[in-house]
1. How many times 2.2 N^0.38 Å is the alpha carbon radius of gyration of the chain?
2. For THR211, THR37, what's the largest-to-smallest order of accessible area, 1.4 Å probe?
3. May I ask for the angle, rounded to the nearest 10°, between helix 29-39 and the longest principal axis of the chain, with both axes built from Cα atoms and the value confined to 0 to 90°?
4. Considering only protein heavy atoms, what is the solvent-accessible area of PHE206 at a probe of 1.4 Å, reported in Å² to the nearest 10?
5. If one computes the Cα centroid of the stretch 150-190 and of the stretch 209-271, what distance in Å separates the two points?
6. Cα-based count: Lys pairs in the chain below 25 Å, eight or more positions apart or different chains?
7. What does DSSP give for the stretch 55-180 in terms of the percent of beta bridges that are antiparallel, rounded to the nearest 5?
8. Have a look at the DSSP beta bridges in the chain and tell me what percent are antiparallel, nearest 5.
Amino acid sequence: MQNKQEALVRAKTVFNAAADHFDAPALSFWNRFGQQTIDQLSLRPGDRILDVCCGSGASAIPAAICVGSTGQVIGIDIAESLLELGREKAQQQGLKNLEFQSGDFENLGFPSDSFDTVVCVFGIFFVPDMVAAIRELWRMVRPGGKLAITSWGEKVFEPANQIFWQAIAAERPDLYKQFTPWDQIKDAGSLKTLLESGGATQVEVFAAAETHQLTAPEDWWTMVLGGGCRGTIDQLDPPTGEQVRQINLQYLETHQIHALEVDVLYAIAHK
């Protein structure tokens with residue numbers, strides 16, 4: 001199993017770097033799937049929400065709108081650059097009930113049973129011991145509350161993702177899928193088992209087959225730079241990086257691909 005500290009440092013490095021593209025229009029899926037996560041939770045005014053791996057607020061901001069001025073949302077992330085983006089957006093929208101804090105799964109420090117809902121969107125897989133992470137999140141859910149985990153399914157922006165990794169394999173085989181932890185829980189059964197292994201009860205998993213539109217092939221490369229694949233790109237020398245980029249863009253152009261297939265898994269547990 002990967003060392004916990006190494007995993008956290010890697011995720012922090014990748015997403016601090018990705019912050020320069022993270023909120024680009026080509027990555028509108030963060031907000032879309034964050035909103036869809038919140039839409040399924042029936043949050044109420046006055047609720048207290050914890051959003052772990054909150055990024056720049058894709059789920060924390062809609063949660064803050066739902067719970068209103070009497071509620072509270074705390075967003076936690078290890079990437080300070082993303083937290084700064086989130087703080088700017090919350091300020092622009094006048095959301096005084098939303099606070100962004102730096103932190104990680106191991107050191108959250110909140111009391112047990114202290115949140116009506118705990119949310120983690122596209123983040124649980126960055127922790128080597130995911131069962132322990134679920135156990136920690138579940139501990140903080142009050143009786144009658146919910147835990148929501150959103151993750152990637154079988155298809156993650158296909159066929160572009162497959163072409164990306166084929167190009168990496170050709171140019172730098174040592175980097176091939178070196179950092180794709182989301183592959184461990186890419187079906188409904190494994191995600192449900194994960195939550196139950198961490199002590200969560202009444203677990204429901206919903207699988208959604210979605211598409212993400214591209215306005216131009218270049219959108220895909222913006223997505224690569226603004227997400228988890230950024231860690232791979234930053235290990236390439238400039239000529240190799242440009243070669244991989246050209247392979248990707250030429251494939252999308254030649255095959256006239258204007259939309260990518262993406263599967264999303266939404267798990268909700270009731271305490």
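1. 0.99
2. These residues rank, largest area first, as THR211, THR37.
3. The two axes meet at around 20 degrees.
4. Probe radius 1.4 Å; accessible area of PHE206 about 90 Å².
5. Using only Cα atoms, the two centres lie 10 Å from each other.
6. 19
7. 0
8. Close to 50 percent.
The values are calculated or read from the model by the stated rules, or taken from the named source; none is laboratory data. Computed from a predicted model, the values in this text were never measured in an experiment. Cβ sites come from the backbone with ideal geometry, for glycine too, and all protein chains shown count toward neighbours. Side chains included, ligands, DNA and RNA excluded: accessible areas come from the protein's heavy atoms. Shrake-Rupley method; radii C 1.70, N 1.55, O 1.52, S 1.80 Å.
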